[in-house]
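Taken together, the values in this text are just the output of simple stated rules run on the coordinates, not laboratory data. Note that this is a predicted model, so its numbers are computed, not measured. Glycine also receives a Cβ, built like all others from the backbone with ideal geometry; neighbour counts cover every protein chain displayed.
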Amino acid sequence: MPSPKVFFTLGLLFLGIGLVVFVLQKTNFTYHNPLDFSYKGERFNFYFPLGTSILLSVAISLLFYLFKK
């Protein structure tokens, strides 16, 4: 069973991420990764966040590596 410190740390992490997203939405900040694909047709829009997915995967893998030690 994980200790309460782990849950508290994860809660603070999620709270921080939520606050950052909230503030960025209020300031009309848009994130444009050059590896994200988007296609805008006449009646069809397609968006595939490949670059963002890669960045998140690396960040999460790094977190798991650091917490494993």
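Taking interchain pairs and intrachain pairs at least six residues apart, which have beta carbon atoms under 8 angstrom, with the first residue in the range 27-53 and assigned to a helix (DSSP H, G or I) and the second aromatic (Phe, Trp, Tyr) and loosely packed, with under 11 Cβ neighbours inside 10 Å?
Matching pairs, first to second residue: Thr52/Tyr31.
Considering each residue of the range 14-48, count those that are touching a helix residue (DSSP H, G or I) at 6+ places or on another chain (Cβ under 9 Å) and either of a type in the set (Phe, Trp, Tyr) or surrounded by 10 or more Cβ atoms within 10 Å (Cβ to Cβ) (or both), and give that number.
6
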